[in-house]
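Quick notes on the structure that follows.
The values are calculated or read from the model by the stated rules, or taken from the named source; none is laboratory data. These numbers come from a predicted model, not from an experiment. Note that we place each Cβ from the backbone using ideal geometry, even for glycine, and neighbour counts take in every protein chain shown. Keep in mind that these areas ignore ligands, DNA and RNA; they rest on the heavy atoms of the full protein, side chains included. Shrake-Rupley method; radii C 1.70, N 1.55, O 1.52, S 1.80 Å.
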Amino acid sequence: MAAMRLTTVLALAAMAALAALDPGLGLGLGPASAQAPAAAPPALTVDGDVAAPLALSLGDLAAMERVAVEIADKDGRRQSFSGVDAALVLAKAGAPIRENLKSTDAARYVHAQGSDGYVAVFATAEFDKGRFLIVDRIDGAPLLVRSGPLQLVAVSDDRRTRWVKQLKLLQVRASRP
Ligand SMILES: Nc1nc2c(c(=O)[nH]1)N[C@H]1C(S)=C(S)[C@@H](COP(=O)(O)O)O[C@H]1N2
Ligand SMILES: [Mo]
């Protein structure tokens, strides 16, 4: 419990630090971004069958309500993952989840894709009970380049197959007969 509260404090500090850093992330990373920082590609796109597609920067995500969860790896080593609830981001885009989930949405799913092309899918109905976090900090530190800057953490997926690293896209799609 105390560890969790410390994690929350760390996450809040991280949020402030990230928010302060974000404008800098669009600068000095390449000639194009130096010329047109406003045109930096979004860190995360949320689109497909949604009412209000989103293009989010790391700063946008860092400014949203934070959640943290401790998860042990297969060797029993506990790590703290913090970020934003994916359900909150999807709801913000008007995706058909939770109270917006209708019978006609039963065939819909979220296609989550990393910058290496890796894809995992999540049925929209899974968001009722499942916890899926868009993580930007592990143990209080930004993710390693090969995993981040964002990673989707499917809390109950012990095998971690759906823990999409370098997460860039959440796209609502539908399976068809
Ligand atoms: N972008 C991306 N994310 C990915 C993968 C991948 O190939 N690319 N592999 C997945 C699989 S199958 C597993 S088991 C875990 C492996 O994470 P680890 O190398 O940190 O154990 O990442 C998952 N996330
Ligand atoms: Mo895997």
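Partner aspartates and glutamates whose Cα lies under 15 Å from the Cα of residue 129, excluding those fewer than 8 positions away in the same chain, are identified as 85, 99, 157.
For segment 86-177, the fraction of 1.4 Å probe accessible surface lying on carbon and sulfur atoms is 52 percent. Within the straight-line cut-off of under 18 Å between alpha carbons, the lysines reachable from residue 168 are 92, sequence neighbours fewer than 8 places apart in one chain being disregarded. Between residue 161 and residue 139, the contour length at 0.36 nm per residue exceeds the Cα-Cα span by 5.8 nm. Accessible area per residue for segment 44-174, computed on protein heavy atoms with a 1.4 Å probe, is 48 Å². Normalising the Debye intensity of segment 44-174 to I(0), with uniform scatterers on Cα atoms only, and taking log10 at q = 0.21, 0.22 Å⁻¹ returns -1.30, -1.42. Taking the alpha-carbon distance from residue 74 and a cut-off under 21 Å, which lysines remain once sequence neighbours fewer than 8 residues away in the same chain are dropped? Answer for residue 74, where 21 Å is the Cα cut-off: 165, listed by chain and number.
The residues neighbouring residue 109, those whose beta-carbon lies less than 11 Å from its own, together hold a net charge of -1 under the Lys/Arg +1, Asp/Glu -1 convention.
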